[in-house]
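Report on one structure; see the data block that follows.
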Amino acid sequence: MLRDCKYARLIAHYPYVIILSILCIAVACLVLCVTVVQLPNFQDPKAGFEPRRTDIANRIVAYNNLVDNRNGKVSLTPGREWEYQRQETIRYSTENQTKTRRSTRSGTRLTEQTERHDIVDRSAPHSKNPFFCDIQESYFSLFARIVFTSADGSNLFTASKLKQMCHIEDYHIRTHSTFATNCQTKINKQCCLSWSLGNYVAMLSDKRDCSSITEQDVKMTKDLLTSCAGHYYNTTLKSTCDTDKKSRHFCSGIPKKCIKFQSVYNILHHIADVNFVHPNKQNQEPFLTYAVTFLPVVGGVDSVELFKHIESWPKDFGDEVRVSGANFGIKDTLFNQHLIADSVWLLISGIVIFLLLWLYSLSIFVTIMTFFMMFWSLEMAYLLYIMVFDISFFPYMNLVAVIIILAIGADDVFIYVKVWEMAKSERNNGTFEKIVSDTLKNGSVSMFVTSLTTAAALYCNAFSSITSIKCFSIYAGTAVLCNFVLVVTWMPASIVIYEKWCNCEKLYNPELGPRKNVCYYICKLPQQTYHKISDWCRILFEKLLPFVIIRGKFIWLVALSVLGILGIVVIFFYPRLKLPSSEKFQVFSSDHLMERYDFGLSDQFWFERQQRKQEILPLRFVWGIEATDTGSNLDPTDKGDIVFDGSFDPTTPEAQIWLLNFCQDLRQMDFYQNVGGFEQTNCFFEFFSHFMQQPCSTDFYNQKPCCNYSTSIIKSPDLMQCIPVYIPSLMNSPSVIYNSFTPGPRFTNGRLSALIVEFYSNFHFTTSFPNMSSFYTSVDQFLDEKLKSAPSEIKNGWFISELEFFSVQKSLSDETPMTLGISLIIVTIVTFLTTLNFLISIFAIVSIAFVMFVTIASLTLLGWELNILESVVITVAVGLSIDFTLHIGVSFRNSPDLSKDMRIVSTTSKLGGVVTMAAITTFLAGALMMPSTILAYQKFGTFLMIVISTSWLYAVFFFQSLLCVLGPHGGFGQLHWPSFKFCSRSDKKHVDKTVYLTTESTSSYYPALSSFSEPSQDMEIQSNTHKASLFQHRRSRSRGHYVKAETRSDSPESDRSERKEGQVKFSGGSEIGETASEVRDDWTVSGADDSVFDEPRGLTINELEGRYLSVKPSPIEIHFAESLT
């Protein structure tokens, strides 16, 4: 029998051995995590959010390695005399000939590393602009800025509103302790004025400051802007326009009033929103919605305290105006601070789940040990992640695993406690060791199945090419498996310790004294609340819910089917789940000031729009470098090394001819754009051949053989001899910026090892995936077609552009369906192997599919896009949505003797409470993360609430209604596993056939024949404990009704034709001639007896076997059919 299992014996008799062993391992892991293993670093939240090892990603990494000159392998020049130039190849330049590099895509932007330095031009004459400090236009975006809007939505361009904006700045911003320290100053050390609309009105009105402006001043400025707006919109009015006719920046045809102090240009370009004054709205009164104020403080780490001060203002701060957004360039710095601050919501979530666990288990000891188990699982998973999997990168998204473990860990404990209670409350439970064995046998399988599906869904994301997704899947999946291991080791030992030494009865012994200690009262604290709730729950799950499901089964089927179909429409047709539409990286909630600026307000100003319009995608073609990523795809800082193409040799005549023709053909393509000027470095061999054909002279650069060359094709020796002469001439040319970004040749040990050909395209950067895909495909196909005719020495070229965001979109669009499909396949297999019934498995998959459709559709309607976090969420939803459906399906399968309606009643009465409790804890774990500022926490909390609610709804109402209408009758379509004896002794043939109201392959909270609440509550306890535990005591309130013994229909040795009613038949064939009434007298407990802990008055199984020694000892099989009353 199972009581002989060694592991169950160890837990039952020596639970402290298990606890101490795991505790030693956990503490050792904790010490290693703190001392040896490097703790996580979240300095760069954007790290790891890019694909690796895809075709495009490999090209991006290879090109960046070439530009960055990783490990110093390449040089701009072949000669040693120019060796110092190699340093330029590893340093980013602030200027770029193509002006489309990723680092300059948005112009000069605020960054975390912005140092505080003086950027005010103090050399300019003071009379040039007596009001503001003089700065270059490109420096505007370096300053911290805030956006104002009207509190009531009215026109912001009024004197009262402009003065209030100035008042807020003067009395609430400039008075901050850090403002004076970081403020940019004039020559006289006086702090510069802010570049605000109010200050520009004051300057144009000859007022001292904006606090004294009037409505007349505002009207005058408005008229000036209206009259000059046409010159701005036709691009003749520029920031460099000068009123001096002798100046080279003189702009003819523009009135002087429009040029004076660049006021009109700065207001329209930097301060006012794009809809303020527009040529298409000449007949309308100018309406200002948003206005930017540029503070004279350089954004960066020094401005953190100032931003926090502004962020602390209430939302209704200001009577007429509000701060709508801000950009201080400190996202990364604030992220680390908010990551720590938001941990309080994790703590609150843990406290709420702690209270629910305590209320359900009635044991504070078990609850505390549960939270230790959760912590150990996270800690052990981290150690395995770092030391075994050898992953050094730990993205902040991995912290979401804490929420998953809180939810799953609590659910597993609910299941295990339920299994333990029902095993103990059975009359023939045998020894304490057998109770442990039965609980492990039935409960562990159920928890393993649910843990396996969740872990499998997480591990499926390891196929993703995006580093952060891959790392999250490995850590979270490992944490789930560690949690399961601890559930079947740590938790059984903890419960045994509680039963033996820590329950309420053990804490109070009246023989030793009447005084009760504090621990006793803490132990008894939740009992009264529990009993009040349990009475209502008993009515709900035994009477009301089964009635609602069975009576309204057709309504539930139609309504929830329609809801699932509508989900399909929302996902695939309208409004559709879209790929990410912004290349900006969001880390905070959408109502955060900086996120509101980045994702909403930045598009309202011309200077921000212009920066994006200047993002012309370059056409880069690279030879000599293999498009390979040799770095670790689990470490975003490891980009590998440059891998050279050994066959590359552009010096041969065939290669030169092909490259010259390639450049000419490229200029004929419709995606090419001629930007004018000389393209001296874009196609290297074109201008190099011109250089070789110029007349010879006494100049150092024009000597044989590097002059008077007769053909455009240069011999290889001459080419290598003259390149060291040609490149320095380019470097000294004032029209060429020659640095690491410059296209052209790269050298290794004097050999031409790589070549970059680069031109402009006529395609601007866009977040539209179809447009970017069309651009990439057309250029890549053009190159592939040309390479077919290329000589072998230059046949391995490849194309790259600014495709980082497109690469993310492509990875998400290609890989998310794949990982989702793998998850669904695993879930389907697990469902069938668990239920072993084709119909139940099909219905379960339909239910899970509808859960997925409704969940994803709900997220789509909330405005979610298929970004990195959302991709993970969709895949994880598969694993989380199967649990409830799987439990109910197995329970329905294990009640073949009942009608379909009675099976639904039985399943709901038994599983309703456990499933609902698990759903509540998971829902609360998500809900309590909603106030978080970190977007990942907030979004995952939203997802948990939606997926767990939808899963519960479809499992309880749709799936059970489907089974009630179309489910299998009896054992139709049911398969069975072969019988194995894992834990029994080899010298014994005895097989336990007792039905514990459990399943054969899952959990003992699945009902076998019961159709009402807690059927085992009247069974007597035959165990090695003499006093009742809380698990037993709380079950004495409900009584069951037992009738005649009945043979189970699927018993392998049953012979229903020969078995008489009320008789018990041994496997050997002998009958015990007792009537049904005698059996009831022996095996039932008086209904008037309110305790289930008295010594049994009937005969136990062992006593029955002993009475009939003449009969060969065989396992006995007793089953009770119970009424619904």
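The values are calculated or read from the model by the stated rules, or taken from the named source; none is laboratory data. Worth saying up front: this structure is predicted, and the values here are computed from it rather than measured. Quick reminder, even Gly has a Cβ in these numbers, built from the backbone with ideal geometry, and neighbours come from all protein chains shown. Side chains included, ligands, DNA and RNA excluded: accessible areas come from the protein's heavy atoms. Shrake-Rupley method; radii C 1.70, N 1.55, O 1.52, S 1.80 Å.
Pick out the one residue from Thr243, Thr158 that is modelled with pLDDT under 90 and surrounded by 14 or more Cβ atoms within 10 Å (Cβ to Cβ). Every option except Thr243 fails the conditions. Which numbered condition trips up Ile404, out of (1) β-branched (Val, Ile, Thr); (2) in a helix (DSSP H, G or I); (3) surrounded by fewer than 24 Cβ atoms within 10 Å (Cβ to Cβ)? The one condition Ile404 does not meet is (3).
Taken as a whole, the condition of being open to solvent by 80 Å² or more (accessible area, probe 1.4 Å), modelled with pLDDT under 85 and over 30 Å from Phe805 (Cα atoms) does not apply to Arg91. For first residues located in segment 838-851 and more than 15 Å from Ser951 (Cβ to Cβ), partners that are open to solvent by less than 10 Å² (accessible area, probe 1.4 Å) and at pLDDT 95 or above and lie 6+ apart or on another chain with Cβ distances below 6 Å do not occur.
Say we look at segment 850-900 and pick out the residues that are farther than 19 Å from Trp952 by Cβ and at pLDDT below 85; which of these is most open to solvent (accessible area, probe 1.4 Å)? Of everything passing the filter in segment 850-900, Asp897 is most open to solvent (accessible area, probe 1.4 Å). Condition (residue is of a type in the set (Gly, Ala, Ser) and under 15 Å from Thr450 (Cα atoms)) applied to segment 863-878: is it met by at least one residue? Yes, segment 863-878 contains a residue that is of a type in the set (Gly, Ala, Ser) and under 15 Å from Thr450 (Cα atoms). The set of residues from segment 275-292 being at pLDDT 90 or above, more than 35 Å from the chain's Cα centre (by Cα) and within 20 Å of Glu137 (Cβ to Cβ) comprises just one member, Phe276. Scanning segment 492-512 for residues that are aromatic (Phe, Trp, Tyr) and at pLDDT 65 or above, we see that the one that is most open to solvent (accessible area, probe 1.4 Å) is Trp501.
Whenever a residue of segment 223-238 is touching a residue at least 40 places away in the same chain (Cβ under 8 Å), its partners that are open to solvent by 60 Å² or more (accessible area, probe 1.4 Å), lying with C-beta atoms within less than 7 angstrom and at least six residues away or across chains, give the pairs Leu224/Lys257. The residues listed here are Phe393, Phe472, Phe448, Phe414; of these, the one that is of a type outside the set (Val, Ile, Thr), in a loop (DSSP other than H, G, I, E, B) and in contact (Cβ under 8 Å) with a residue 24 or more places away in the chain is Phe393. Within segment 308-324, being out of contact with any Asp or Glu (no Cβ under 8 Å at 6 or more places or on another chain) and of a type outside the set (A, V, I, L, M) holds for Lys308, His309, Glu311, Ser312, Trp313, Pro314, Lys315, Asp316, Phe317, Gly318, Asp319, Ser324.
Looking at Ala455, Ala423, Ala462 in this structure, which one is in a helix (DSSP H, G or I), surrounded by fewer than 22 Cβ atoms within 10 Å (Cβ to Cβ) and among the small types (Gly, Ala, Ser)? So the residue among Ala455, Ala423, Ala462 that is in a helix (DSSP H, G or I), surrounded by fewer than 22 Cβ atoms within 10 Å (Cβ to Cβ) and among the small types (Gly, Ala, Ser) is Ala462. The condition (being touching a Phe, Trp or Tyr at 6+ places or on another chain (Cβ under 9 Å), within 30 Å of Ile920 (Cα to Cα) and buried (at least 17 other Cβ atoms within 10 Å of the Cβ)) is satisfied by just one residue among Ser349, Ser324, Ser303, Ser363: Ser363.
All of Gln184, Gln216 fail the test of being open to solvent by 40 Å² or more (accessible area, probe 1.4 Å) and polar (S, T, N, Q), apart from Gln216.
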